[in-house]
Every structure is written in structure tokens, then in C-alpha cells.
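The values are calculated or read from the model by the stated rules, or taken from the named source; none is laboratory data. Keep in mind that what you see is a predicted model, and the values were worked out from it rather than measured. Every residue, glycine as well, gets a Cβ built from its backbone with ideal geometry; the counts of neighbours run over all protein chains shown. Note: accessible area is taken over every heavy atom of the protein model, side chains too, but ligands, DNA and RNA are not part of it. Shrake-Rupley method; radii C 1.70, N 1.55, O 1.52, S 1.80 Å.
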Amino acid sequence: MKQVSITVLVEHTAQGHSLLAEHGLSFWVEIGPRRILFDAGQTDIVSHNARMLDIDLSSMDAMVLSHGHYDHTGGLAAIARSKTGRERGVIAYAHPRAMEEKYARNADGTGRYIGMAADSRNALHTPFELRKTEAPIEIGEGLTVTGPIPRVTDFEDTGGPFFKDPECRHPDDLADDQAAFLETSAGTIVILGCAHAGIVNTLSYVTQLVPDRPIHTVIGGTHLVSADEKRMNKTVEALRAIDIQRLFPLHCTGFQAAARLWKEFPDRVRACPVGTKVELPV
Ligand SMILES: [Zn+2]
Ligand SMILES: [Zn+2]
């Protein structure tokens, strides 16, 4: 039977011999014969963990970048440096705005760079080949990249003080934020990067793109780390209505939000450290 499996390569927690954790996110997605890297983490930990998990990154058929922040793109340079030659021409799907400069505002008002590093940006031209996503696009074996996600809810925001300039004058709406999804016999699987568009906006958009199918599994960053009580309440309400079967809130979900989600959905929310493999029949 054809399977989809998603292995956590980079996350804030790790469980297993010699596996490493960092602030970042990366998944290795296998659908039948196809191998896709979804995000690349922050450093070369992605390559280290792949080796420890017996995953050959050079067997990659395609790559998806959820957005341009350093913690999702920094590992690209390390992967490019591995120079097996087999990554040449592998298509990396990213929104054009992912390549732009990105900053976060510090508590003292100064800005710090949190965008893609130059060597990662260069890797998107050689050895990888950038394909810009401005609308939903199917990238093989049914996996679809959403492209930009409409912002509809009145209670979600990008989740932080994000700006386009070092002086922090021009807010960054993270228009590059995208997710990926796949229909399976059990329902739709949704893979999130940071969900800067909002988890509810993201899941609503997927439901719009795949009507009449339940969302079965959601895995990835939800960026609820700084969500207030109102946003958490409304998010929980929406997730209850969507009736998700399995939720793996990782990365920028934050401890408090993850704890709240687990309390609300004790049988459905699970921890998912580096090394975890989530599988479903397609
Ligand atoms: Zn981000
Ligand atoms: Zn992130």
C-alpha cells in the first residue's frame, strides 16, 4: 500500500541517539517513491540528523520552503555544500517574497536580521533551482504547496514584531508564508512551517482547496508562542469545529500554547521530537 511518511529532521526537541535539536524546522516527506524536503532548519543540523536517521538528502526530488526566515532556510547552504551532485537542478518551491530581507524588533526597539542568509539564497540558484509559488501548485504524488494564504480571521496575526527594514518602520506581513497538503484515504494531511498566516486561516484555505474532505493530520509550527487568551480560545474553537484527528504542534507553537492544545484535545495532540516518523496510507 502506498504510504506517506513525514520524519521530523529539525525541531526544538529531539529524542533518540545522537539526534540534535535547534530553533528551526525541517521535515523529510516520503510519498511513494517521491522524496521532498520541507524546510531546512537553521544550521547543518539538518544534514547531521538525516545521517543519524539513515535519510539520504541527496535522494531529494524537490524542496519546499514555507517562508524566508533563517530558522527554516539556514540549512540550505549546508545541504548545497555536501556537493553530491545529485541535488543539482532540484526544484525549490518558495514564494518570491521569501528571498526579501526580514527583521524582528528587539525589546529595545532595534532590529535584528532574521531573513535568509546569503549562502542559502545563493543555493536556491545553484545547485537548486528556484520555482516561485504565487498560487497553489501540485509538486508530485499529490503533494500541493498552497502559495500565499488568504488572511480572513480577525483574531490571527503574524505572531511577532516582524519588519521589512532594519529600522523596523515597515511591518512584514509574511506574505511568503505557505503550507503543503496531501489528500489521503483518511483525510487531508497539512504540513505547516510557522503558520504566520494563522493556523485557522491556513486550515480554512486548505479546506477551500480540497472541499468535502476532512483534515486528518496537522503537523508543524503554529506560531501561537505569543498568542493571547482571545486568540487561543478562538483557535481552539476553530480546531474543534474542523475536528482534526491528529495535531503535532511543533517549533514556534510555544510551551504554553502546546500545553493548552494538549489539555483541550488530549487524545489528538502529540509531541513530535526530531526522529519521529508520522505515517498514513495515501
Ligand atoms: Zn518564521
Ligand atoms: Zn520558525
Of Val236, Val206, which residue is aliphatic (A, V, I, L, M), farther than 24 Å from Trp28 by Cβ and either open to solvent by 30 Å² or more (accessible area, probe 1.4 Å) or part of a helix (DSSP H, G or I) (or both)? Val236
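Select from region 169-197 the residues that are within 16 Å of ligand 1 (Cβ to nearest atom) and touching a Pro at 6+ places or on another chain (Cβ under 7 Å) and write down the one among them that is nearest to Arg112 (Cα to Cα).
The initial filter retains those residues of region 169-197 that are within 16 Å of ligand 1 (Cβ to nearest atom), namely 171-180, 191-197.
Among the residues that remain, those that are also touching a Pro at 6+ places or on another chain (Cβ under 7 Å) are: 175, 178.
Details: Ala175: 19, Gln178: 23 Å.
Among residues in region 169-197 that are within 16 Å of ligand 1 (Cβ to nearest atom) and touching a Pro at 6+ places or on another chain (Cβ under 7 Å), the one nearest to Arg112 (Cα to Cα) is Ala175.
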Any idea which residue in region 91-106 is farthest from ligand 1 (Cβ to nearest atom), counting only those that are surrounded by fewer than 21 Cβ atoms within 10 Å (Cβ to Cβ) and either at pLDDT below 95 or under 28 Å from Val190 (Cβ atoms) (or both)? Ile91
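Specify which of the listed residues (Pro148, Pro171) is more than 18 Å from Leu25 (Cβ to Cβ) and touching an Asp or Glu at 6+ places or on another chain (Cβ under 9 Å).
Pro148 is the lone residue from the list that is more than 18 Å from Leu25 (Cβ to Cβ) and touching an Asp or Glu at 6+ places or on another chain (Cβ under 9 Å).
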I need every pair where a residue in region 66-81 that is more than 16 Å from ligand 2 (Cβ to nearest atom) has its Cβ under 8 Å from the Cβ of a residue that is among the β-branched types (Val, Ile, Thr) and open to solvent by 10 Å² or more (accessible area, probe 1.4 Å), sequence separation at least 6 or different chains. Ala78/Thr43; Ala80/Thr126
Some residue of region 171-180 being open to solvent by 10 Å² or more (accessible area, probe 1.4 Å), away from ligand 2 (no atom under 14 Å from the Cβ) and touching a helix residue (DSSP H, G or I) at 6+ places or on another chain (Cβ under 8 Å): yes
Restricting to region 58-79, name every residue that is surrounded by fewer than 24 Cβ atoms within 10 Å (Cβ to Cβ) and away from ligand 1 (no atom under 16 Å from the Cβ). Ser58, Ser59, Met60, Asp61, Ala62, Ala77, Ala78
Taking His23, is it surrounded by fewer than 18 Cβ atoms within 10 Å (Cβ to Cβ) and within 16 Å of ligand 2 (Cβ to nearest atom)? yes
For region 128-140, which residues satisfy the criterion of being out of contact with any Gly (no Cβ under 7 Å at 6 or more places or on another chain) and part of a loop (DSSP other than H, G, I, E, B)? Phe128, Ile139, Gly140
